[in-house]
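Undergrad: Pasting in a structure now, in structure tokens, and then I'll have a few things to ask.
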Amino acid sequence: MSEVGAAAGSKKTPEKDAILPQKDLTHLFKAKSVAIVGASANPDKIGHQILRNLIEGGFEGDIYPINPKEKTILEKDAYPSVTDVPNFIDLVVISVNANFVMPVLKECVEKGVKHVIVITSGFSEVGNAREEQEIKDIADQFNISLVGPNTLGVVYPPNKMNTSFGPRDVILGKIAFISQSGALAIALMGWTKMEKIGLAALVSVGNKCDIGEEELISYFNEDENVDVITIYMEGIKDGRKFMQTAIKKPVVVLKVGRSQRGARAAASHTGSLAGSDQIYNAAFKQLGVLRAQSFTEAFGWARCLSLPAPDGNDTIIITNGGGIGVRTTDECVAAGIKLFDDPDWLEEKFRETMPSFGCTKNPVDITGQAPADAYQKATRIALEEDRIKAVLVLYCETVITNPLKIARSIAGEYKKSGSKKPLLVAMVGGERTREALHYLNHENIPAFDSISEVVDGLKVLYKWQEYKERKLDKPDIKPPPQEVLDIINNAKKEGKKILLEHEARKILELCGVTTPKWGYARNLEEALEIAKGMYPFAMKIVSPEIVHKTDVGGVVLNVRNEEGLKLRYNTMINHIKEVMPAAKIEGVNLIQMVKGIECIVGLSRDPQFGPAVMFGLGGVFVEVMKDVAFRIVPFGKVEATRLIHDVKGNKILDGFRGIVANKPSIIQSLLAIQRLAPYVQECDINPLISNEFGSFAVDARIILE
Ligand code: COA
């Protein structure tokens, strides 16, 4: 993290702001002994259900119910306290009233326990933040990893460990699921079972006072039992920490709560466009996290992401229906997925898999009467050919075919091939087809009942591949020169909250943003002097009282000669004196007219992620279409290039009405504005006009607080 990003975070003390080393979570998941404090003989108690889940889930380690009144519970020896257990305990699950959590935690410290799950509610979610901080402090002091409070628990099928009070049976798979909502985690445990989706882990993070998404992603990055991480997220606690998480395996996030913070009154244009959802989008893109829009999408993607990554772009479609073949082709083309194309080879290889009226072109149509062995042969040919990098198999239910048999033959071939390339299936039909889909999913072959989902699944595999292979960004944002700090400090001393336009432009210039020729004149004489060699230019009034200059006639464009300057200067000053007699006129700014493509560059501040930079095209693109994108500070050239690309209208920059933008200088501006991040609240360069010679900050606005 560069100086800029570090200084620009929240207002915590340096010690609190420091990111502690990652706690080792190995025995949270791979615990060999678990104690449940609050285990009860009463089946209506949560502690009883957790104990039962652990036992009936087949946990093979030691289980210690902790209850001061009972000798045995569910045939397990019970102990009055964790300190009475004669052996070492890896993990303690606390399910007692909130008042007793702290004393129990202290007993865990005494016992040397390093992993604790606090099921108990009644902490920060109901306003008891101090009590929550106290347990967090103990956890940090004694290097305990603490999940919760207010959690459903942790389920880790590879260790047959279910410490939750949710459903008992979970299918073992390769997807780790992190949920900020316990209720939803319960619901999804049932749903994944029904849909035959296997899980490697389920963590209900609760209030995440200690262990949150960042620690879990880091752990699962190295966990051989996990291929993909899915997260249901309501919000991030510490954006800066999140941005430092390494993404080594695919992470799919379903982030809810898309409300626009931008609706608040913001002093700058950038501020009003920087809704929290836009910032989350930026953070996810920057990190390489995939954002899904629904649960089915998130888990659909996760299943696909468990497949091997495609080693190139050529995809083949095998189908028994012309219609779905064509539709899938259309969707592939729209998604940018390239279809394998070698007609002679396709004819030679696939002809034997179909009747004479079948079609060997890609999509390969083995026809509506294709039985399981036709699917088997066609799948084998596709899997054996090195030039084919991904396989989509489609099926429409017909009365003469058996979907389950077909599913079995496809799965059999896939296994035989060593499952080296992605194979995805879409089967459309009724009850019998549903059974076939479940079978395939159970066999870890992503299978969907719609074409869009299967194409989307392949698309996301390519997206992940792109994330994995993309160039690393190396932010190196230097602090601004002292002169910038002097201007800012002087303005603050004078009680200014918004800098005057020429002060803002000067600051940006000093940070490395190019400006057009410009000058500040206190009177007409000075203006006439400065204007030499600058015609044509725009003239703008300088007055701390005038924020909206155009509204009071404080802006004139295209001043072409001395005559014009004298006339328009006097008209402007007289008019303003008339309409705003109280305004103190400090002079005028003269800014050379620049032609080019109008862009907007801005800096704003997000409560979770800190400073963020915005880029967009100016005029109607920003005003009406709000076609802007963001990146979290700090970022370097690579990410700045991607930021420009994120804007839908970015092609305009490559040439529009004979004008081409200068991308390197836009990138330079995106880097330069970051130098101000620790010192200002918001900044707008609007417009930044870009042409073949460079990009020029024509107007600028800096808000100090
Ligand atoms: N050590 C060991 N056992 C203790 C104890 C202690 N310090 N203090 C109490 N116990 C025993 C109790 O005697 C009781 O046993 P019993 O049934 O034999 O009498 C058992 O532990 C449970 O304690 P109890 O006071 O009855 O609590 P409870 O089970 O009714 O509720 C919680 C405890 C944690 C479940 C409850 O406070 C809570 O927070 N519920 C919400 C949980 C939740 O929704 N989490 C979020 C999910 S998303």
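Undergrad: Relative to the compact-globule scaling 2.2 N^0.38 Å, provide the ratio for the alpha-carbon radius of gyration of the range 275-348.
TA: Here the answer is 1.49, to two decimals.
Undergrad: Hey, rough spin-label estimate for GLU545 and GLN244, points 7 angstrom out along Cα→Cβ, what's it come to in nanometres?
TA: Each label point lies 7 Å from its Cα, and together they span 5.0 nm.
Undergrad: Given the pairs LYS45/LYS114; LYS549/LYS637; LYS71/LYS160; LYS241/LYS471; LYS174/LYS468; LYS249/LYS421, which span a C-alpha to C-alpha distance of over 28 angstrom in this model?
TA: LYS549/LYS637
Undergrad: A further question on this structure: Using a 1.4 Å probe, how large is the accessible area of VAL579, given in Å² and rounded to the nearest 10?
TA: Surface open to solvent at VAL579 totals about 80 Å².
Undergrad: Related question: Given 0.36 nm per residue, what is the gain on full extension from ASP476 to LYS492 after removing their alpha carbon distance, in nm?
TA: Gain in length upon complete extension: 3.0 nm.
Undergrad: Given a Förster distance of 22 angstrom, what is the FRET efficiency for ASP62 paired with GLU110, based on the Cβ-Cβ distance and rounded to 0.05?
TA: Using R0 = 22 Å, I get an efficiency of 0.70.
Undergrad: To continue, here is another question. Applying 1/(1 + (r/R0)^6) with R0 = 56 Å to the Cβ-Cβ distance of LEU485 and GLU75, what FRET efficiency is obtained, to the nearest 0.05? Display every interim value, and only then the final one.
TA: Working: r = 71 Å, r/R0 = 1.27.
Rounded to the nearest 0.05, the efficiency is 0.20.
Undergrad: Could you go through the range 479-485 in sequence order and give the Karplus-derived ³J(HN,Hα) for each residue, using 6.51 cos²θ - 1.76 cosθ + 1.60 with θ = phi - 60°, rounded to whole Hz, and x for Gly and Pro?
TA: x, x, x, 4, 4, 5, 5
Undergrad: For the range 597-703, what Kirkwood radius comes out of the mean inverse Cα-Cα distance, in Å?
TA: Details: mean 1/r = 0.0736 Å⁻¹.
One decimal place: 13.6 Å for the Kirkwood radius.
Undergrad: Let me ask something else. Could you work out the local net charge near LEU91, counting Lys and Arg as +1, Asp and Glu as -1, over the other residues with Cβ closer than 10 Å to its Cβ?
TA: +2
Undergrad: Could you run the Karplus curve 6.51 cos²θ - 1.76 cosθ + 1.60 with θ = phi - 60° over the range 182-197 and give me ³J(HN,Hα) per residue in whole Hz, x for Gly and Pro?
TA: With the stated coefficients, the range 182-197 comes to x, 4, 5, 4, 4, 4, 6, 4, x, 5, 4, 5, 4, 8, 6, 9 Hz.
Undergrad: Let me ask another. Note down the nm distance, to one decimal, between modelled labels 7 Å out along Cα→Cβ at GLU705 and at SER452.
TA: 5.0 nm
Undergrad: For the range 325-331, what does the Karplus curve 6.51 cos²θ - 1.76 cosθ + 1.60, with θ = phi - 60°, yield as ³J(HN,Hα) per residue in whole Hz, taken in order and with x for Gly and Pro?
TA: Per-residue couplings from phi come out as x, 5, 4, 5, 4, 4, 5 Hz.
Undergrad: Continuing with the same structure: Please name which of ILE632, THR398, LEU51 has its Cα lying farthest along the dipole of the chain towards the positive end, using unit charges on Cβ (Lys, Arg +1; Asp, Glu -1) and the Cα centre as origin.
TA: ILE632
Undergrad: For every helix of n ≥ 4 consecutive DSSP H residues, a contribution of -39,500 (n - 2.57) applies; sum these over the chain, divide by its total residues, and give [θ] at 222 nm rounded to the nearest 500 deg cm²/dmol.
TA: Here the helix-only value at 222 nm equals -11000 deg cm²/dmol.
Undergrad: Further question on the same structure: For the chain, give the percent of accessible area contributed by carbon and sulfur heavy atoms, probe 1.4 Å, rounded to a whole number.
TA: Values: 15600 of 30140 Å².
Solvent-exposed carbon and sulfur of the chain make up 52 percent of the total.
Undergrad: Which peptide among 638-649, 125-136 comes first, and what is the full order, when sorted by highest mean count of other Cβ atoms within 10 Å?
TA: Ranking the peptides 638-649, 125-136 by packing returns 638-649, 125-136.
Undergrad: Putting +1 on Lys and Arg Cβ atoms and -1 on Asp and Glu Cβ atoms, find which of GLY602, PRO371, LEU25 reaches farthest to the positive end of the dipole of the chain.
TA: Farthest towards the positive end: GLY602.
Undergrad: Here is a further query. Between the alpha-carbon centers of the range 568-627 and the range 30-50, tell me the distance in whole angstrom.
TA: When both Cα centres are located, 63 Å separates them.
Undergrad: Ordered by packing density, taken as the mean number of other Cβ atoms within 10 Å over each peptide's residues, highest first, how do 282-292, 64-74 rank?
TA: Descending packing order for the listed peptides: 282-292, 64-74.
Undergrad: Highest first, please rank the peptides 315-325, 491-501 by the mean number of other Cβ atoms sitting within 10 Å of their residues.
TA: 315-325, 491-501
Undergrad: Under a straight-distance cross-link criterion of Cα-Cα below 18 Å, which lysines are reachable from LYS517, leaving out those fewer than 8 residues away in the same chain?
TA: Once the sequence-local lysines are set aside, what remains near LYS517 is LYS506, LYS532, LYS540, LYS595.
Undergrad: Let me ask something else. If R0 is 56 Å, what FRET efficiency do you get for ALA309 and LEU567 from their C-beta distance, rounded to 0.05?
TA: 0.25
Undergrad: Ratio of Rg to Rh for the chain, alpha carbon only, Kirkwood?
TA: The Rg/Rh ratio comes out at 1.08.
Undergrad: In nm, to one decimal, how far is the modelled label at GLU623 from the one at TYR467, with both set 7 Å along Cα→Cβ?
TA: It is 3.7 nm.
The values are calculated or read from the model by the stated rules, or taken from the named source; none is laboratory data. Small disclaimer: the values here were computed from a predicted structure and weren't measured. Positions of Cβ are backbone-derived with ideal geometry, glycine not excepted, and every protein chain shown enters the neighbour counts. Quick note on the areas: whole protein, heavy atoms, side chains included, nothing else; ligands and nucleic acids left out. Shrake-Rupley method; radii C 1.70, N 1.55, O 1.52, S 1.80 Å.
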